[in-house]
Amino acid sequence: QSKLSDYGMNFKVKGGHETTFEFDVAALRGYRLYAFSCTVDAKDKPTKMKLFEAYQRARQLGGEEARVALVCYSEDPNGLLDDVTSSNFFVEDSVRVFGKRDIQAGLANAFQDWITKL
């Protein structure tokens, strides 16, 4: 059981009069923010950029304890994550990439496993 205290979709975070960024899905478990960014792209470069931006935005909103997930159609989500983490510092286990196989197997179980693991 994930014990989420709150969740929602399509969160637009505004700075001043403009939307500065958006999370596709966000959830809270206790004090920890889980931010999910989704893309239909399977290419590495745009998905890496989307993951890095989501990580930065989640840290701005949820602090160092924030967790970020990217859902994409990558055939190699672990490789994509390794590429991004090798050139950027992420807090251990704070970022996860769910790829094509995760989507086909059922994201709900994969999300629950990730959220309850931490």
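The values are calculated or read from the model by the stated rules, or taken from the named source; none is laboratory data. Predicted, not measured: the structure shown is a model, and the values here were computed from it. Positions of Cβ are backbone-derived with ideal geometry, glycine not excepted, and every protein chain shown enters the neighbour counts. Just so you know, the surface numbers come from the protein's heavy atoms only, side chains and all, with ligands and any DNA or RNA stripped out. Shrake-Rupley method; radii C 1.70, N 1.55, O 1.52, S 1.80 Å.
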Inset, instruction - Output the number of residues of segment 31-49 satisfying the condition of being in a loop (DSSP other than H, G, I, E, B), without any contact (Cβ under 8 Å) to a residue 40 or more places away in the chain and either open to solvent by less than 60 Å² (accessible area, probe 1.4 Å) or more than 24 Å from Asp6 (Cβ to Cβ) (or both). - result: 4
Inset, instruction - Mind telling me which of the residues Arg57, Arg96, Arg101 ends up being over 22 Å from Lys12 (Cα atoms) and either assigned to a helix (DSSP H, G or I) or within 10 Å of the chain's Cα centre (by Cα) (or both)? - result: Arg101
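Any residue at all in segment 84-94 that's among the β-branched types (Val, Ile, Thr), without any contact (Cβ under 8 Å) to a residue 40 or more places away in the chain and crowded, with 18+ Cβ neighbours inside 10 Å? Reasoning before the result, please.
Going through segment 84-94, the residues among the β-branched types (Val, Ile, Thr) turn out to be 84-85, 91.
Checking the rest, the ones that are also without any contact (Cβ under 8 Å) to a residue 40 or more places away in the chain come to 84-85, 91.
Subset that is crowded, with 18+ Cβ neighbours inside 10 Å: 84.
Yes: one or more hits.
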